[in-house]
Amino acid sequence: RSSWNADPTAGKVEGVSWRTPVPGLGHSSPIVFGDRIFLATAIAENGEAPLKLGRGGKPTAADDNGEQSWVVLCYNKLTGAELWRRTAYKGRPRASRHAKATHANTSLTTDGRHLVAFFGSEGLYCYDLAGELQWKRDLGVINISKYGIGWGYSSSPAIHQDRIALVCDDPDNPFLVVLRLSDGKELWRVSRKGICERSWGTPMIHANSERTQVVVNGWPWIVAYDLETGEELWRIRGGGDNPVPTPFEANGWIYITNAHGGQSPIFVVRPEARGDISPSKEESTNEAIVWSTSRGGSYMSTPVVYRGYLYLGNSNGLVRCFNARTGEKIYEKRLETGAAIISSLVAAEGKIYCAAENGTVYVLAAGPDFNVLARNAMGEPCFATPAISQGVLYFRTTKSLIAIK
């Protein structure tokens, strides 16, 4: 679907299958398995948690350190009815957050049997899909800080078979840890001191017939580790000093981007890479790098590759398109003033969906021409990445979960 209206103040509501309120505040994106939707939230004990909207680049901590409940929610995919909720942790936050972040930034993940929630300093929890707690772990305080304040934790857990990978890049003690999914036993942990000063991205687990690796965005280094041993496999000198986007696979390659601090690179890496594969200043490719560019990457949003093109959204409202195989820049266009893209882009049925902080979902035609098919009002700001299941789009706004069909 291209066009809808989910904002009753903007006219007749159209294209909305259902809308249900979501308690508390969280940037946690909805995930879908079977006929259920899962997401996380943090519910303040007293009053409504504050969230700064609009331009907010200043390093300001939120006034949100009172009693909270970190909650896992389950909804019926067809009706939006809440099926169950579980309070994973209750207490005062063990680390502060940025004024534009929340205490529930991470998304849940599932293998179809286990449902894993990681709230950083507030702990790691594994449920079954009926909401029964299987095990939990406390990994200590993980304060992803900069300029003297905690910015909030946002690296979601990654699952592969019976393994969970977690990135905990607290500047004072950054580490990557892998645990067993079945019982939460820690299998290995490697320090990232000297490798990464801080990061907020989710690790990517890439498996092929040769090896299974955990790829972690970071600054000053992007690094891949062997999933079974924690051995470093390869590294690239990174660019953006606030790495957020998640590495992902397309065309059999690994795509990585970050931005902030004057650099915004994109790297496309062959999975068999070894050692320091950083491209030289004179060359944008080498044996391990398919293509790269020092400019054009995204800051907050994870890009998407769709039908041969790489699409990137940015917090300044710019959308960029590259040829995904060659790196040729196709276009760079601004959606409109105030169209900050924090959520990751998704694609389906020849369309690219860009959910923006201003409460608008911009729908672009896939292809080499910049063509905005629709601007759809949601009625509330969008920070979370939408989910797509069986022809239905699921959006989590700051206050609601909405199904668009």
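The values are calculated or read from the model by the stated rules, or taken from the named source; none is laboratory data. Being a predicted model, the structure only gives us computed values, none of them experimental. Backbone-built Cβ (ideal geometry, glycine too); neighbour counts: all protein chains shown.
The single residue among 154, 199 that is under 21 Å from the mean Cα position of the chain (by Cα), part of a loop (DSSP other than H, G, I, E, B) and touching a residue at least 60 places away in the same chain (Cβ under 8 Å) turns out to be 154.
Within the stretch 270-289, the set of residues being within 19 Å of residue 252 (Cβ to Cβ), of a type outside the set (Val, Ile, Thr) and within 26 Å of the chain's Cα centre (by Cα) comprises 270, 271, 272, 273, 288. Pick from the stretch 254-281 the residues that are in contact with a Lys or Arg (Cβ under 6 Å, 6 or more places away or on another chain) and not acidic (Asp, Glu): which of them is nearest to residue 344 (Cα to Cα)? By that ranking, first place goes to 264.
For the stretch 264-281, the criterion of a residue being at pLDDT below 95, assigned to a loop (DSSP other than H, G, I, E, B) and over 28 Å from residue 385 (Cα atoms) is satisfied by at least one position. Among residues belonging to the stretch 71-80 that are of a type in the set (A, V, I, L, M, F, W, C) and out of contact with any Ser or Thr (no Cβ under 7 Å at 6 or more places or on another chain), point out the one that is nearest to residue 43 (Cα to Cα). Only one residue tops the list, namely 72. Considering only residues that are without any contact (Cβ under 8 Å) to a residue 40 or more places away in the chain and assigned to a loop (DSSP other than H, G, I, E, B), look in the stretch 357-379 and name the one that is nearest to the chain's Cα centre (by Cα). Ranking the qualifying residues of the stretch 357-379, first place goes to 358. In the stretch 203-246, the qualifying residues are those that are touching a residue at least 60 places away in the same chain (Cβ under 8 Å) and among the polar types (S, T, N, Q), and the one that is surrounded by the most Cβ atoms within 10 Å (Cβ to Cβ) is 246. Residues that are charged (D, E, K, R) and more than 30 Å from residue 161 (Cβ to Cβ) were ranked within the stretch 72-124; the one that is surrounded by the fewest Cβ atoms within 10 Å (Cβ to Cβ) is 92. Identify, please: which residue in the stretch 154-181 is touching a strand residue (DSSP E or B) at 6+ places or on another chain (Cβ under 8 Å) and of a type in the set (Ser, Thr, Tyr) and is, among those, surrounded by the fewest Cβ atoms within 10 Å (Cβ to Cβ)? Only one residue tops the list, namely 156.
Within the stretch 282-303, the set of residues being polar (S, T, N, Q), under 24 Å from residue 345 (Cβ atoms) and part of a loop (DSSP other than H, G, I, E, B) comprises 284, 294, 298, 301, 302.
Residue pairs whose Cβ atoms lie under 8 Å apart, sitting 6 or more positions apart in sequence or on different chains, and linking a residue in the stretch 275-286 that is on the phi > 0 side of the Ramachandran plot and not assigned by the TED database to the domain that holds residue 329 to a partner that is at pLDDT 95 or above and not polar (S, T, N, Q), are 275/234; 275/235. For residue 79, indicate whether it is assigned to a loop (DSSP other than H, G, I, E, B), among the β-branched types (Val, Ile, Thr) and under 30 Å from residue 174 (Cβ atoms). No, not satisfied. In a loop (DSSP other than H, G, I, E, B) and touching a residue at least 12 places away in the same chain (Cβ under 8 Å): is that true of residue 184 in this structure? Yes: the conditions hold for residue 184.
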